[in-house]
Each structure stands twice: as structure tokens, then as C-alpha cells.
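Single-structure report; data block below.
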Amino acid sequence: MDDTEVKRHKKTADDGTVGTALDVLAGGGAKGRLSRLLPFMGPAFIASVAYIDPGNFATNIQGGARFGYTLLWVIVASNLMAMLLQTLSAKLGIATGWNLAEHCRNRFPKPVVLVMWAVMEIVAMATDLAEFLGAAVGFNLLFGIPLWAAGILTAIVTFLVLGLERYGFRPIEAVITALVAVVAVSYLVETFLDRPDWGNLLYHSVVPQFAGTESILLATGILGATVMPHAIYLHSALTQGRIVVREPGQLRRLFRYELVDVVVAMGLASMINMAMLIMAAATFFRHGMTGVGTLETAHRTLEPLLGRSASTIFAVSLLASGLSSSTVGTMAGQVMMQGFLRRRIPVWIRRLVTIVPSLIVIALGLDPTRTLVLSQVVLSFGLPFAIIPLAMFTSRKSVMGILVNRHVTTMLTYVVAALILVLNLYLVCQVFVTG
């Protein structure tokens, strides 16, 4: 298929979805609730991939194996924060037609913009490291491929998935959603095999507790792996030009539909994250195997405890998570560079550059799981650089118009930012002063 045909097919597919959405917003279109909702579903599912990437596997499995259900409340709280922040990000793109990075470039002094871009590039590198390593480990566990070869295979598959962008937003949304479904089904099966302690599970879902400095490190890693700064930047880009309306009533209806998209996608991501920690707590912690701290050990140990199918399901879910999140991470990196600097580089160059740190980790023989956990801590420190400008812009009526935040929403967003800062500062004090 030549470029002209590709563009025609892309335009036809995208125009069909957008046309249906505009009919619904105007009061027409399909009659069934699900049929009316489908044209608006997609952006949050792409963003949600960042919330179930291999970094989540690493932090959740370590947290569950070492501390049982104790840190389950961190996942619940983190996902509630994620729903709030992704909703605001989607709303910013809908209301303004500009993404978060572009707003920062247009409204902040250039030195501030450059610092923010530098920080977010470090965050993007940490993200890519986690996602790339996770997919490589997934290939290694599932097929016995050496890690270096699995890394190269991960890069190739990521290129193929990213190539679907040529055909419009629907094909890549479909592939990403299918990969998320693989992870969800895998952990649904794992939960049935685990037979968790439901009473203990429910208690620790709502009662905040820590169990020493290491639990705080893992809690910060869980937070960094769950509330992802690059996903906040990406979501505003996914909605900024997808369905464009300016009539106030239609804007409000569009936002309500996108809110459903966020709640469904982030709710699914939340349940998957909880299932990861529950699996580790119900399987490893219950049997006194608190030393299970790596993905490889978890995979190997699941077989004698739950049967061969459990270890295979684990490897499949890790691979699906790594491939989907690696694709989304590259998309987010492109959005941030274009937004902050008005520059784009070919996606294959960005993908090659981000492969290098992962290949170095593999070549040096470093523990992939420990590297994944530390990368998530780095992400946590990058969160204020996304949350604070997001709260600033979405609270201004001159920016948002009729979709401006309510005062309580803005206050909640700043509280989230403050909690993250306090947790990070406490972590630094505990690790560097006592260690």
C-alpha cells in the first residue's frame, strides 16, 4: 500500500469515528448507550497502559512478597489520584486544543521550559528503561531467549506497533486495548488460582500502614509506577484534536463521555495493579517466601506453588504489558519533545536512543527487577513537574472556559502534589540519613 492509499484509509477510519461522535454530541447518532459511548473510548486506555507497565509488576510483586497486603492501600490511593489527574489532562486537551507541554511552552519563561523538558526527558528515559526491560524479561521467561536478543526483539515489535499510527488513531487504540485485555484476563485467572484472604485484603485496602524504610521505598515506587508523569502529558495530546467541538453544550457532553473513558480505563488498571500485589501476598508472603524480589524468581516459584499454567500466564501478562507500555512511552516522549521544544525527531531514532540504557543494564548483568523499582522512584520525583502546571492551567477560566475546574477539584489536585512531595522528601531523609 503506497502513502496515498495509507492516508486515504487513515482519513476514512478517523473520519468515521469522529463523524459518529459528532452526531452523538449533536443529539443524534446511535440509540444504544454502548453504541453512543464507543466513539469516545480509547484515549484513556492508551494512557492507562502507563499504569500497568513492568514497573508495576516489579514494585507490586516486591511489595506483596515482603509485606503481604500492607501496601495495598497505596495502590488504591494512587489509582484514585490517577483518575483525578488523567481526567484533568483529558479535559485540558478538549477545552483548549493544546496539550500540557504546549501550554507550558507558551506560558512559562524559556529557562523554566528547558528545565521542565530536561526533567521530563529523564523521566521518559526511566520510563523506557522499565518498559523495555519488562518486555525483554517477558520474552526471556516465555521463550527462553537470551535477554540481549529479547531486547532487540522488543524494539522490533515496538516499531511495528508504532507503525500503525499511519492508519489513524483507531488501529493503535485497538492494539493497545487488546494488550491491556491480555494483562487483565491473565490476572483475573491468577486471582482465582491464588485464593487470597479477602478479609485481610479489604482491611489493608483502606487502612494506611508502613513497615519500615524499605516499605516506604516500595510505596514511593508503587506511587511512581502508578501515577505516571508522561501519561499526564500524553493524555492531553490524545484528546486535543481527536474530536473538536466549540459549542458549550457539546463541550460539556464530550467531557462527560471522556470522563467515562477515564473511569473505565483507570478502574481496570487499578484492579490489575491490586491483583499483582494480591498474587504476591497470597502466594509468596503466605508461604514465608518474603525474599521473592525479582520477576524471574516470581515466575520460577509460581509453578510449584500454583502449577505451570500460573507461571506461563505471568510471563504472558508481563510481555503484553512491556510491549504496550513501551509503545506508549515512545509516543509520550514524542509529545513532550514537540510540546516543549517545537521539535520532532524520527520515532526510530528516539526508540534506538532509549534502547541504550536497557542494553547497558543487560550487558552489565544488573538485576532487572531492582533497576525497575529504582526507575519508578525516579518517576515519582518527576510527578510535581506534571501535576502543578496541570492544576494551574485547568483552574484558569481564561484557559479552560466553561470546563474550568471547580475550586474543590483544584484544591484536591494541589493536595495530591503536596502528598507526593512530602513522601519523596521523607524517603530521601530515611534512605540517606539512616542508610
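The values are calculated or read from the model by the stated rules, or taken from the named source; none is laboratory data. Model, not experiment: these values are computed from the prediction. With ideal geometry, Cβ positions are generated from the backbone for all residues, glycine too; neighbour counts draw on all protein chains shown.
Going by the conditions given, is Leu218 assigned to a helix (DSSP H, G or I), modelled with pLDDT of 90 or more and either surrounded by 24 or more Cβ atoms within 10 Å (Cβ to Cβ) or in contact with a Phe, Trp or Tyr (Cβ under 9 Å, 6 or more places away or on another chain) (or both)? Break it down stepwise before answering.
Details: assigned to a helix (DSSP H, G or I): yes; modelled with pLDDT of 90 or more: no; either surrounded by 24 or more Cβ atoms within 10 Å (Cβ to Cβ) or in contact with a Phe, Trp or Tyr (Cβ under 9 Å, 6 or more places away or on another chain) (or both): yes.
Criteria not met by Leu218.
Considering only the range 238-252, state which residues are more than 23 Å from the chain's Cα centre (by Cα), assigned to a loop (DSSP other than H, G, I, E, B) and surrounded by 16 or more Cβ atoms within 10 Å (Cβ to Cβ). Write out each step before concluding.
Initially, the range 238-252 is screened for residues more than 23 Å from the chain's Cα centre (by Cα), giving 244-252.
Narrowing the set further to residues that are assigned to a loop (DSSP other than H, G, I, E, B) leaves 244-247.
Result: Val245, single match.
Check Leu193, Leu202 and return the single one that is assigned to a helix (DSSP H, G or I), surrounded by fewer than 16 Cβ atoms within 10 Å (Cβ to Cβ) and of a type outside the set (S, T, N, Q). It would help to see each step written out before you state the result.
Numbers: Leu193 fails: surrounded by fewer than 16 Cβ atoms within 10 Å (Cβ to Cβ).
Unique residue meeting the criteria: Leu202.
Which helices (runs of 4 or more DSSP H) does the range 28-90 wholly contain that include 3 or more residues that are in contact (Cβ under 8 Å) with a residue 40 or more places away in the chain? Steps first, please.
Details: elements: 33-37, 43-48, 54-67.
Hits in the range 28-90: 43-48, 54-67.
Which helices (runs of 4 or more DSSP H) sit wholly inside the range 313-422 and have at least 1 residues that are surrounded by 22 or more Cβ atoms within 10 Å (Cβ to Cβ) and touching a Phe, Trp or Tyr at 6+ places or on another chain (Cβ under 8 Å)? Explain how you work it out, then say what you get.
On the way: elements: 347-364, 368-382, 384-394, 397-400.
Hits in the range 313-422: 347-364, 368-382, 384-394.
As an exercise: evaluate Phe108 against (1) within 26 Å of Ile345 (Cβ to Cβ); (2) in contact with an Asp or Glu (Cβ under 9 Å, 6 or more places away or on another chain) and give the number of the one condition it does not meet.
(2)
Can you spot a residue in the range 374-381 that is hydrophobic (A, V, I, L, M, F, W, C) and either touching an Asp or Glu at 6+ places or on another chain (Cβ under 9 Å) or under 17 Å from His103 (Cα atoms) (or both)?
Here is the first cut: in the range 374-381, the ones hydrophobic (A, V, I, L, M, F, W, C) are 374, 377-379, 381.
Narrowing the set further to residues that are either touching an Asp or Glu at 6+ places or on another chain (Cβ under 9 Å) or under 17 Å from His103 (Cα atoms) (or both) leaves none.
No, because not a single residue in the range 374-381 is hydrophobic (A, V, I, L, M, F, W, C) and either touching an Asp or Glu at 6+ places or on another chain (Cβ under 9 Å) or under 17 Å from His103 (Cα atoms) (or both).
So which residues in the range 253-287 are outside any helix (DSSP H, G or I) and within 30 Å of Gly16 (Cα to Cα), if there are any at all? Spell out the reasoning first.
As a first pass, look at the range 253-287 and keep what is outside any helix (DSSP H, G or I): 286-287.
Scanning the range 253-287 gives no hits.
Pull up the range 103-116, narrow it to residues that are of a type outside the set (Val, Ile, Thr) and over 18 Å from His235 (Cβ atoms), then point me to the one that is nearest to the chain's Cα centre (by Cα).
Going through the range 103-116, the residues of a type outside the set (Val, Ile, Thr) turn out to be 103-111, 114, 116.
Narrowing the set further to residues that are over 18 Å from His235 (Cβ atoms) leaves 106-111, 114.
Values: Asn106: 26, Arg107: 26, Phe108: 26, Pro109: 29, Lys110: 28, Pro111: 28, Leu114: 24 Å.
So, considering only residues that are of a type outside the set (Val, Ile, Thr) and over 18 Å from His235 (Cβ atoms), the one nearest to the chain's Cα centre (by Cα) is Leu114.
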